[in-house]
Amino acid sequence: MKIWCCLCFNQDDEPEEEEENREEEEEEKDMKEGGFENEGYSEGSIENEEEPEEIPRLGLAANDGRERDDNNDNNVRLFEGMVQAVRSGAHWDEAVNVGALASLRAAFRSSRRSMGESSSASSAATAENCDHDSHNKRAKVHSDFHECHYATAITSGAGNSSSSGDKDYNISQDTYVVSKNEIFYHTFMLNASGEENHDDSSSGKDVEGDESGTSKTEDSEVRMDLTDDLLHMVYVAQSVTFLQELFAIIQWRAASAHEDFWRCLNFENRNISIEQFEDICRRYPNATAVNLSGTPAMHLLVMKAVSSLRNLEVLSLGKGPLADIFFHSLADCHLLKRLNVNDATLGNGIQEIPVNHDRLRHLQLTKCRVMRISIRCPQLETLSLKRSNMAQAVLNCPLLHDLDIGSCHKLSDAAIRSAATSCPQLENLDMSNCSCVSDETLREIALTCANLHVLNASYCPNISLESVRLPMLTVLKLHSCEGITSASMAAISHSYMLEVLELDNCSLLTSVSLDLPRLQNIRLVHCRKFADLNLRSTMLSSITVSNCPLLHRINITSNSLQKLSLQKQESLTTLALQCQCLQEVDLKDCESLTNSICNVFSDGGGCPMLKSLILDNCESLTAVRFCSTSLVSLSLVGCRAITALELTCPYLEQVSLDGCDHLESAAFCPVGLRSLNLGICPKLNALSIEATNMESLELKGCGVLSEASINCPLLTSLDASFCSQLRDDCLSATTASCSKIKSLILMSCPSVGSDGLYSLSSLPHLTVLDLSYTFLTNLQPVFESCVKLMVLKLQACKYLTDSSLEPLYKDGALPALQELDLSYGTLCQSAIEELLACCTHLTHVSLNGCVNMHDLNWGCSNGQFPDLSSISVPSGMVSSESSHEIIQRPNRLLQNLNCVGCSNIRKVLIPPMARCFHLSSLNLSLSSNLKEVDLACFNLCFLNLSNCCSLEVLKLECPRLTSLFLQSCNIDEETVEAAILKCNMLETLDVRFCPKICPISIGKLRGAFPSLKRIFSSLSHS
């Protein structure tokens, strides 16, 4: 069980609390004078003392106690037994005693109800048990050392706790209780104010001390049981639910009383006086760890710790001077196991400092200033002298296995040799930044320290490892070693146990050729002359090679390597891999790679499990051919020199060809692609695709594509826009092999004729057909082959005649057609009128830029409409005179009508008899000659008349209109106000750049039409 305890003594209290404290002090004084003082009960201490044998009984009811029934007495006795068991160290199992807990809770609730029913009985019980409640008075500690205020807290179940307090300073404790094998930390935070007021508080007497006749010492030191007080402060405010949390309280108390509760004393960077530290050492004599780093009087404090704390095991010092007497007295700490000294001056800086201890196991003297040091510790295991400036280090540590002398610049080569060779059990040696180290020293170390496993000789310019044999070495770091060359690899190759090799910034290294069976990790970064890498290791799992500008050949053999990244190796031309587990390869920006790289990553090339390959910006690749049964993802982004691509990868799911703008021929047979975009290959002229899973193919912009073999049985969308060389035979073959196509885009495919359109009969699911910008003259093949067509786009088909669409509105062709786009066509006014009148099933019609359309007048009868037996007409939309004529016409399904840029339209009239009850959007913008608009459309929501500069008359009966755009219209504010009078749901009005509407009238519009939420207008009148 882990318990967090947190206790804080605040320096400032509220005025109300001070008044209450004075009243409670007077009450306590009266009780003492009246003989109610706790006799025989000693003061509580902050130390870990044993609990008193007898525990006062906790009253569960607020009555006089004489009328309790037998069950209540049994519950109380049961509770006292549980408390006594936990206090004595026994383990409490709530699951076993769940019945007892239920009884106690029921008794507690009953007692609380009886307390509320009889307040007088509660008062009597309080007076009768005054002697018992006097034990519950708790001391409240203030940081004011001239006065000690006592707060009285009388509760019905506070437990037995002694009055306690702290000395001249405040203590904030953060305690963490864990298992017996872990260390318990206790942090003291002392305020500087404690030192300033120490003399005053110790010399003066407070009022209570004078009246009670106590001594000065008792006045200045009021002891306090922190565990009792802690529980009281946390839980007494919630006395209603106190019983429910009872066992958590007991566990807190038991944990705080444990002897390991105060094991580690941390005073790092704290302003603590010697007197305060002496008192703490006296209170916690069993402390095992002390940190005095950064304290003002560190030397005096540590001498006091050495003499007082006989169980000390860990001592941390630093940021100050340490006299040599401290090191002579270390032998008095018989249990000391770890000594950490950082950033300190040892002795007077010129004398030899001895460190002699029989049980010390870990010694750290980092960044210390000392001339000479002598260490005799027969049990020492790890030693760090990093960044210390001693000139000599004499070691007598036969069991030392970890030595760090990194950045000890003043140590000579002989001193380093003497120190290292005196430790025959050495396993880990860090001599980085020791510029004096030579190969002779390494040879001596290799002969003496046969168990050396880890060596860090980085930034040692004089070593080359020639004639050095380190057979047991597992980790070797040689960063920025100027003496390391290709000849050094012979010595490294004898370290057959080597697992990690780092050769960063070895500027003279030209090649690495190693056959090490256990090598797992190698680093080669910023090696300016490095050109050839040859590695053979079955366990190699990580290779880091970067910023080696001359590297041109790599040969790797490994059974464990899964990911290889060789980005920006601009000179790399040859890559040979035998990596059975390799799955990801990144060769981005390797500009010199040739086509031979394709053989490495194809079947039989040495990477049978390769899944992802990145060859972005490899500009020397011209013909890429991969045949792989494992490849899933391929990226060739920016490979502008590729002209031929051939992929035989049945499991390939993703391919990126952005920037391959010189690709001329491509074959994907077979592949597992679901979608493919070749629209960024404008020079592609031959294409072959066999993809059983492909659903979408985009060939947009392949202007020279003339040969295409597409076999994709699941293909549903084909975009061949601007494939100007695509002929009928190619289209026929595609439709025959891809029968599930639903959307076919043939925009700007002028080579497609009637034969190709007749082949569309092989597409029974075709619903979207785009033939815009083609030279078609006859649409009969479309009418006959695409019976389920729902969307037909014929933009800018200028060769269509007026009779080309007659089958639509005369013969009922394409009965499922809903959307028709005739924008920028040459159809005459009559053909358009008949089409709109008879094709009532159309929902979206676009007539943008139709110069032959003059008026849109649906007020007169155009064509014959079939009679309907019953027609529903919205109420209020038509008059009684025209109702007979209306009910003989069918409802139009038209929802969206676009007539943008129809410059010859002068009048738009859509009365109720036109039956456009579904029309929701009408766009007439850029119709420069439009003068009159008269609309009666019940469901119209959007109307755009922007840039209709000739508009003069605007009549609207559109109760559901929400958006009206009149930008740049020459219309006055009275006309606008009259037009929107019946548009009760209008929310957005755009009258920007309307010269006859001034900004002042905008306020009038907003006030007259409260539904308006947004009005867009110009800032000033033009």
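The values are calculated or read from the model by the stated rules, or taken from the named source; none is laboratory data. Only a predicted model underlies this, so the values are computations on that prediction, with no experimental measurement involved. Positions of Cβ are generated from backbone atoms using ideal geometry, with glycine treated the same way; all protein chains shown enter the neighbour counts. Surface areas here come from the heavy atoms of the whole protein model, side chains and all, with no ligands, DNA or RNA. Shrake-Rupley method; radii C 1.70, N 1.55, O 1.52, S 1.80 Å.
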Query - Within segment 592-603, tally of residues that are surrounded by 17 or more Cβ atoms within 10 Å (Cβ to Cβ) and of a type in the set (Gly, Ala, Ser) - result: 1
Query raised in the report: Taking segment 605-644 only, how many residues are more than 20 Å from Gln567 (Cα to Cα) and not in a loop (DSSP other than H, G, I, E, B)?
Result: 5
Query raised in the report: If you check every pair at least six apart or on different chains, which have Cβ atoms under 8 Å apart with a residue in segment 836-855 that is in contact (Cβ under 8 Å) with a residue 60 or more places away in the chain first and a residue that is open to solvent by 20 Å² or more (accessible area, probe 1.4 Å) second?
Result: Thr843/Gln818; Thr843/Glu819; Thr843/Leu893; Thr843/Gln895; Thr843/Asn896; Thr843/His918
**Report entry** strands (runs of 3 or more DSSP E) wholly inside segment 463-572 that include at least 2 residues being out of contact with any helix residue (DSSP H, G or I) (no Cβ under 8 Å at 6 or more places or on another chain) and closer than 20 Å to Asn451 by Cβ
**Finding:** 475-477
Query - Long-range neighbours under 9 Å by Cβ, at least six apart or interchain, first residue open to solvent by 20 Å² or more (accessible area, probe 1.4 Å) within segment 613-624, second of a type in the set (Lys, Arg) - result: Ile614/Lys588; Asp616/Lys588; Asn617/Lys588; Asn617/Arg640; Glu619/Arg640
Requested in this report: Would you check if there is a residue in segment 434-450 being of a type in the set (Val, Ile, Thr), in contact with a strand residue (DSSP E or B) (Cβ under 7 Å, 6 or more places away or on another chain) and open to solvent by 10 Å² or more (accessible area, probe 1.4 Å)?
Outcome: no
**Report entry** Meets criteria (in a strand (DSSP E or B), closer than 17 Å to Ser565 by Cα and open to solvent by less than 10 Å² (accessible area, probe 1.4 Å)) for Leu647
**Finding:** no
Query - Contacts under 6 angstrom Cβ, first residue in segment 686-706 being within 18 Å of Glu646 (Cα to Cα) and of a type in the set (Val, Ile, Thr), partner in a strand (DSSP E or B) and open to solvent by less than 30 Å² (accessible area, probe 1.4 Å), 6 or more apart - result: Ile689/Phe668; Ile689/Ile710
Requested in this report: Taking the options Ile350, Ile325, name whichever one is open to solvent by 20 Å² or more (accessible area, probe 1.4 Å), at pLDDT below 90 and not polar (S, T, N, Q).
Outcome: Ile350
Report summary line: Lys529: passes all of (1) without any contact (Cβ under 8 Å) to a residue 24 or more places away in the chain; (2) open to solvent by less than 40 Å² (accessible area, probe 1.4 Å) but (2)
Query raised in the report: Does Asp589 qualify as being open to solvent by 10 Å² or more (accessible area, probe 1.4 Å) and either in contact (Cβ under 8 Å) with a residue 40 or more places away in the chain or in contact with a Lys or Arg (Cβ under 7 Å, 6 or more places away or on another chain) (or both)?
Result: yes
Query - Every residue from segment 734-759 that is more than 17 Å from Cys723 (Cα to Cα) and in contact with a strand residue (DSSP E or B) (Cβ under 8 Å, 6 or more places away or on another chain) - result: Ser737, Cys738, Ile741, Lys742
Query - Residues of segment 719-741 satisfying the condition of being in a loop (DSSP other than H, G, I, E, B), under 47 Å from the mean Cα position of the chain (by Cα), crowded, with 18+ Cβ neighbours inside 10 Å and not small (Gly, Ala, Ser) - result: Phe722, Cys723, Cys738, Ile741
Report task. Just give me the residues in segment 675-716 being open to solvent by 40 Å² or more (accessible area, probe 1.4 Å) and polar (S, T, N, Q), in sequence order. Result -> Ser675, Asn677, Asn685, Thr692, Asn693, Ser696, Ser709, Asn711, Thr716
Report task. List the number of the failed condition for Val655; all other conditions in (1) of a type outside the set (Gly, Ala, Ser); (2) modelled with pLDDT of 95 or more; (3) open to solvent by 40 Å² or more (accessible area, probe 1.4 Å) hold. Result -> (3)
Query raised in the report: For Ser542, are the conditions met, namely being open to solvent by 20 Å² or more (accessible area, probe 1.4 Å) and not hydrophobic (A, V, I, L, M, F, W, C)?
Result: yes
Query raised in the report: Can you name the number of the only condition in (1) out of contact with any helix residue (DSSP H, G or I) (no Cβ under 7 Å at 6 or more places or on another chain); (2) open to solvent by 30 Å² or more (accessible area, probe 1.4 Å); (3) under 26 Å from Asp358 (Cα atoms); (4) not small (Gly, Ala, Ser) that Gln392 fails?
Result: (1)
Query raised in the report: Thr622: farther than 23 Å from Asp589 by Cβ and of a type outside the set (Asp, Glu), yes or no?
Result: no
Requested in this report: For residues that are in contact with a helix residue (DSSP H, G or I) (Cβ under 6 Å, 6 or more places away or on another chain) and open to solvent by 20 Å² or more (accessible area, probe 1.4 Å), tally how many sit in segment 307-320.
Outcome: 1
Query raised in the report: When residues of segment 395-417 are filtered for being over 22 Å from Asp358 (Cα atoms) and either in a strand (DSSP E or B) or not aliphatic (A, V, I, L, M) (or both), how many remain?
Result: 8
Query raised in the report: What pairs come up if the first residue lies in segment 376-389 and is in contact (Cβ under 8 Å) with a residue 24 or more places away in the chain, the second is open to solvent by less than 50 Å² (accessible area, probe 1.4 Å) and assigned to a loop (DSSP other than H, G, I, E, B), and their beta carbons are under 8 Å apart, counting only those six or more places apart or on different chains?
Result: Lys386/Ile405; Lys386/Gly406; Lys386/Ser407; Lys386/Cys408
Report task. Within segment 400-413, track down each residue that is open to solvent by 20 Å² or more (accessible area, probe 1.4 Å) and either at pLDDT below 95 or touching a helix residue (DSSP H, G or I) at 6+ places or on another chain (Cβ under 7 Å) (or both). Result -> Ser407, His409, Lys410, Ser412, Asp413
Query - Test: Leu335 is among the hydrophobic types (A, V, I, L, M, F, W, C) and over 28 Å from Asn389 (Cβ atoms) - result: yes
